[in-house]
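Take this structure first; my questions come after.
The values are calculated or read from the model by the stated rules, or taken from the named source; none is laboratory data. Predicted model, so just to flag it, every value in this text is computed and none were measured. Note that we place each Cβ from the backbone using ideal geometry, even for glycine, and neighbour counts take in every protein chain shown.
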């Protein structure tokens with residue numbers, strides 16, 4: 001991820017510049033990895049893995065471009081919202097680990 005962000009910063013400038021990339025999205029539909037990429041990720045992603053991977057990616061982006069905003073993950077649709085309650089029960093310690101690193105919104 002840091003190589004991709006570095007390319008963007010080199011080509012367009014940092015997020016604080018007029019032409020820089022302002023926002024980065026983390027991955028696409030990791031909750032489908034076990035069905036779309038079963039050889040790479042055969043098991044469904046859990047909350048802890050999602051947080052760990054998202055935090056690592058967000059930190060990699062921020063290390064290259066501290067002014068950039070990072071958001072994620074992107075889910076595949078409404079059915080995933082049914083599992084959102086489970087994701088919210090990961091506890092304060094896990095949420096504290098990503099505080100200030102990721103821009104998050106919670107389902108209402």
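Please count how many residues of segment 16-48 are in contact with a helix residue (DSSP H, G or I) (Cβ under 8 Å, 6 or more places away or on another chain) and either assigned to a strand (DSSP E or B) or surrounded by 11 or more Cβ atoms within 10 Å (Cβ to Cβ) (or both). Steps first, answer last, please.
In the first step, residues of segment 16-48 are kept if they are in contact with a helix residue (DSSP H, G or I) (Cβ under 8 Å, 6 or more places away or on another chain); the result is 19-21, 24, 26-27, 29-31, 40-45, 47-48.
Checking which are either assigned to a strand (DSSP E or B) or surrounded by 11 or more Cβ atoms within 10 Å (Cβ to Cβ) (or both) leaves us with 20-21, 24, 26-27, 29-31, 41, 44-45, 47-48.
The qualifying residues number 13.
Return yes when residue 72 is on the phi > 0 side of the Ramachandran plot and modelled with pLDDT under 95 and no when it is not.
Working: on the phi > 0 side of the Ramachandran plot: yes; modelled with pLDDT under 95: yes.
Considered against the rule, which asks whether it is on the phi > 0 side of the Ramachandran plot and modelled with pLDDT under 95, residue 72 comes out as yes.
Select from segment 1-15 the residues that are touching a residue at least 24 places away in the same chain (Cβ under 8 Å) and assigned to a loop (DSSP other than H, G, I, E, B) and write down the one among them that is farthest from the chain's Cα centre (by Cα).
Taking the candidates together, the pick is 14.
Let me ask something additional. Inside segment 25-58, can you point out the residues that are in contact with a strand residue (DSSP E or B) (Cβ under 9 Å, 6 or more places away or on another chain) and free of Cβ contacts under 8 Å to residues at least 60 places away in the same chain?
Listed by number, the residues that qualify are 25, 54, 57, 58.
Which condition from (1) surrounded by 12 or more Cβ atoms within 10 Å (Cβ to Cβ); (2) more than 13 Å from the chain's Cα centre (by Cα); (3) at pLDDT below 55 is the one that residue 107 breaks?
Tallying (1) surrounded by 12 or more Cβ atoms within 10 Å (Cβ to Cβ); (2) more than 13 Å from the chain's Cα centre (by Cα); (3) at pLDDT below 55, residue 107 fails exactly one: (1).
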